[in-house]
Every structure is written in structure tokens, then in C-alpha cells.
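Q: The structure follows.
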Amino acid sequence: MGREFLDIFEGWAEEYDNTVSGYDPEYKEVFHAYDDILVEVAKNSEGNILEFGVGTGNLTEKLLERGHDIIGIEPSPAMKAIANAKLPEALVMDGDFLEYPIPTIPIHTIVSTYAFHHLTDDEKDNAVKKFADILEVNGKVVFADTMFETLEAKEKKTSEAEEIGFTNLAADLRREYYPTMETIEGIFTKHNFTVSFKQMNEFVWLIIAKKE
Ligand SMILES: C[S@@+](CC[C@H](N)C(=O)[O-])C[C@H]1O[C@@H](n2cnc3c(N)ncnc32)[C@H](O)[C@@H]1O
């Protein structure tokens, strides 16, 4: 399921769009160039789209503007309510990365931003196995999320956050399942994807995984 962090989003939903605009100094760098990151995910998306962790619908909106058919999946009722109010035309369903209604239309791209790290590495593996089953031939996964080149790089960023008093950010980096590139590459490769990465800010990387 990977729903263990849902309480955080129930409490954060109303303030979430302020946070992504750089309002919270602790998360300013995490959300640096947020809009460009969502645009980059949208630009790399094709056809019918399955989106996980829709949140307040900011990526969904960009995908709808580009004319895609989208199925959105979001486990937090508070986040989903905001997405529905912003985008009444969008289809956003209850579910998570591991349990969701199987799409009844062909899916060409699976997208997600700032959400995949809520799964443990085993859960990520299970999710990607299911993506391989759902995607059409030549389909792809396009994600943007915080990850690190190495465990040492992750520890360095976490310690730096602690040293400058960013206690919420440091606790978040220690609590949730932010992966290394090697872990992500290993999981996607195991399920017959080829993977490429592009750094978007000090924390966030774009991941494009093409199904072989
Ligand atoms: C940081 S927000 C990102 C929202 C949006 N994608 C964005 O880029 O602004 C993370 C979202 O992932 C959702 N989430 C948490 N656990 C999840 C899970 N196991 N499966 C899918 N989504 C999850 C949260 O409810 C929240 O809406």
C-alpha cells in the first residue's frame, strides 16, 4: 500500500500550493523550479496517462492542457478534494501506487511527481512490476522525485539540513524512502525498462524509464 505517510498530507493539503511556491524556507530548494519540473514531465509524456499521487492537481492541469486523457490516482481525501475543486473535468480516483482500479483504456505513459519516495524499495519494485504489465508496448514511466546519486550524498544533504536548523526537512529525509539512482536503475532494469536521469534541482531528478 505505502500509505503510511497519509496523515502528513491530510494536514498539509490546504498549505501545499504555498509550499511549492517557495513559501517554506526549509523546502525552498526541494521545490526550486517546481513549475519547470512539472512542464518537463508533461513534455516527456505521450498518449493516455496514468498519474499517481496527483496531490492538488498541478501536474494533472498541465497534462490536461496538452490534451491528454488522464486517470489520476490519489490516496489523500484532502488532496483529492482540492484537485477535484481545481479541475472538475479531471478523473481522480482513490488509490495508491500499489492498489488502484486497473485502467480500462490503453496507457502509454505513467507519471508522478514528488511521490514515489513514499514507498519502501520493495514496494517500489512491486509497483514497477505492475507498471510493466499495464503499459502498452514502447510505453514509459516519467517521474520526478527527490533522490540521491549515492548514500553518502544523501547523508551529506541530511547533515547539512540539520546543521542549518532545517529540522523538518532533515527529519523528512531520514523518515521517508528517498532512493539512490542505483536503486531506481536496478528496479526498472529488473522489469525490462531502460532508464535515464536528469537533475532538475539540488534534490529532484527526472526519471524516464522506457519499456523494452
Ligand atoms: C508531495 S505531494 C506531490 C503532489 C503532486 N504530485 C505534486 O507534484 O505537487 C505527494 C502526494 O503523494 C501522495 N501519496 C502519498 N503516499 C502515496 C502512495 N502510496 N501512493 C500514491 N500517492 C501517495 C500524497 O497524498 C500526496 O498527494
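Q: Here are some conditions: (1) in a loop (DSSP other than H, G, I, E, B); (2) farther than 14 Å from Tyr114 by Cβ; (3) more than 8 Å from the ligand (Cβ to nearest atom). Arg3 meets all but one. Which one does it not meet?
A: (3)
Q: Give the stretch 97-114 a look and list any residue that's within 13 Å of the ligand (Cβ to nearest atom) and open to solvent by 10 Å² or more (accessible area, probe 1.4 Å), or say none.
A: If we filter the stretch 97-114 for residues that are within 13 Å of the ligand (Cβ to nearest atom), which is where we start, we get 97-100, 110-114.
Within the stretch 97-114, Phe97, Leu98, Glu99, Tyr100, Thr113, Tyr114 qualify.
Q: Test Glu182 against the criterion of being part of a loop (DSSP other than H, G, I, E, B), open to solvent by 30 Å² or more (accessible area, probe 1.4 Å) and of a type in the set (Asp, Glu), and give yes or no. Break it down into steps so the answer makes sense when it comes.
A: Working: part of a loop (DSSP other than H, G, I, E, B): no; open to solvent by 30 Å² or more (accessible area, probe 1.4 Å): yes; of a type in the set (Asp, Glu): yes.
Taking the combined requirement at face value, the residue does not satisfy it.
Q: Let me ask something else. Which of the numbered conditions does Val142 fail, given that it passes all the others? Conditions: (1) open to solvent by 10 Å² or more (accessible area, probe 1.4 Å); (2) outside any loop (DSSP other than H, G, I, E, B).
A: (1)
Q: While we're looking at this one, here's another question. Within the stretch 156-179, can one find any residue that is among the charged types (D, E, K, R), open to solvent by less than 80 Å² (accessible area, probe 1.4 Å) and within 19 Å of Ile110 (Cα to Cα)?
A: As a first pass, look at the stretch 156-179 and keep what is among the charged types (D, E, K, R): 156-157, 160, 162-163, 172, 174-176.
Pick out the ones that are also open to solvent by less than 80 Å² (accessible area, probe 1.4 Å) and you get 157, 160, 172, 176.
Still in the list and also within 19 Å of Ile110 (Cα to Cα): none.
Checking the stretch 156-179: not a single residue is among the charged types (D, E, K, R), open to solvent by less than 80 Å² (accessible area, probe 1.4 Å) and within 19 Å of Ile110 (Cα to Cα).
Q: May I pose another question? Could you pull out the residue among Glu99, Glu123 that is in contact (Cβ under 8 Å) with a residue 40 or more places away in the chain, in a loop (DSSP other than H, G, I, E, B) and not basic (Lys, Arg)?
A: When all the criteria are applied, what remains is Glu99.
Q: If the requirement is being among the charged types (D, E, K, R), within 12 Å of the ligand (Cβ to nearest atom) and within 30 Å of Asn168 (Cα to Cα), which of these qualifies: Asp17, Asp36? Walk me through how you get there before you give the answer.
A: Working: Asp36 fails: within 12 Å of the ligand (Cβ to nearest atom).
Just one listed residue meets the conditions, Asp17.
Q: Considering each of Ile102, Ile107, Ile134 in turn, give the residue that is modelled with pLDDT under 95 and either within 30 Å of Glu29 (Cβ to Cβ) or among the hydrophobic types (A, V, I, L, M, F, W, C) (or both). Don't jump to the end; show me each part of the working.
A: On the way: Ile107 fails: modelled with pLDDT under 95; Ile134 fails: modelled with pLDDT under 95.
The match here is Ile102.
Q: Mind listing whichever residues of the stretch 185-212 are under 13 Å from Val142 (Cβ atoms), of a type in the set (D, E, K, R) and surrounded by fewer than 17 Cβ atoms within 10 Å (Cβ to Cβ)?
A: Within the stretch 185-212, Lys198, Lys210 qualify.
Q: Here is a further query. Return only the number of the condition from (1) in a strand (DSSP E or B); (2) farther than 22 Å from Ala209 by Cβ that Thr104 does not satisfy.
A: So the condition that Thr104 fails would be (1).
Q: Can you tell me how many residues within the stretch 51-91 are in a strand (DSSP E or B), away from the ligand (no atom under 11 Å from the Cβ) and at pLDDT 95 or above? Quick ask: steps written out before the conclusion?
A: Initial filter on the stretch 51-91 (in a strand (DSSP E or B)): 51-52, 70-73, 91.
If we keep only those that are away from the ligand (no atom under 11 Å from the Cβ) as well, we get 70-71, 91.
Within this subset, residues satisfying the condition of being at pLDDT 95 or above are 70-71.
Counting residues in the stretch 51-91 that are in a strand (DSSP E or B), away from the ligand (no atom under 11 Å from the Cβ) and at pLDDT 95 or above gives 2.
Q: Taking Val195, is it β-branched (Val, Ile, Thr) and in a strand (DSSP E or B)? Even if it seems obvious, please write down each step before you answer.
A: Numbers: β-branched (Val, Ile, Thr): yes; in a strand (DSSP E or B): yes.
Yes; evaluated as a whole, the condition is true for this residue.
Q: Return the only residue of Thr158, Thr150, Thr194 being out of contact with any Pro (no Cβ under 6 Å at 6 or more places or on another chain) and within 22 Å of Asp24 (Cα to Cα). Lay out the reasoning, then the answer.
A: Working: Thr150 fails: within 22 Å of Asp24 (Cα to Cα); Thr194 fails: within 22 Å of Asp24 (Cα to Cα).
Selected residue: Thr158, the only one of Thr158, Thr150, Thr194 that is out of contact with any Pro (no Cβ under 6 Å at 6 or more places or on another chain) and within 22 Å of Asp24 (Cα to Cα).
Q: Assuming Glu160 fulfils every condition listed in (1) more than 15 Å from the chain's Cα centre (by Cα); (2) on the phi > 0 side of the Ramachandran plot apart from one, which condition is it?
A: (2)
The values are calculated or read from the model by the stated rules, or taken from the named source; none is laboratory data. The model shown is predicted, which means the values in this text are computed figures rather than measured ones. Cβ atoms come from the backbone with ideal geometry, glycine included; neighbour counts cover every protein chain shown. These area figures cover heavy atoms from the full protein model, side chains too; ligands, DNA and RNA do not enter into them. Shrake-Rupley method; radii C 1.70, N 1.55, O 1.52, S 1.80 Å.
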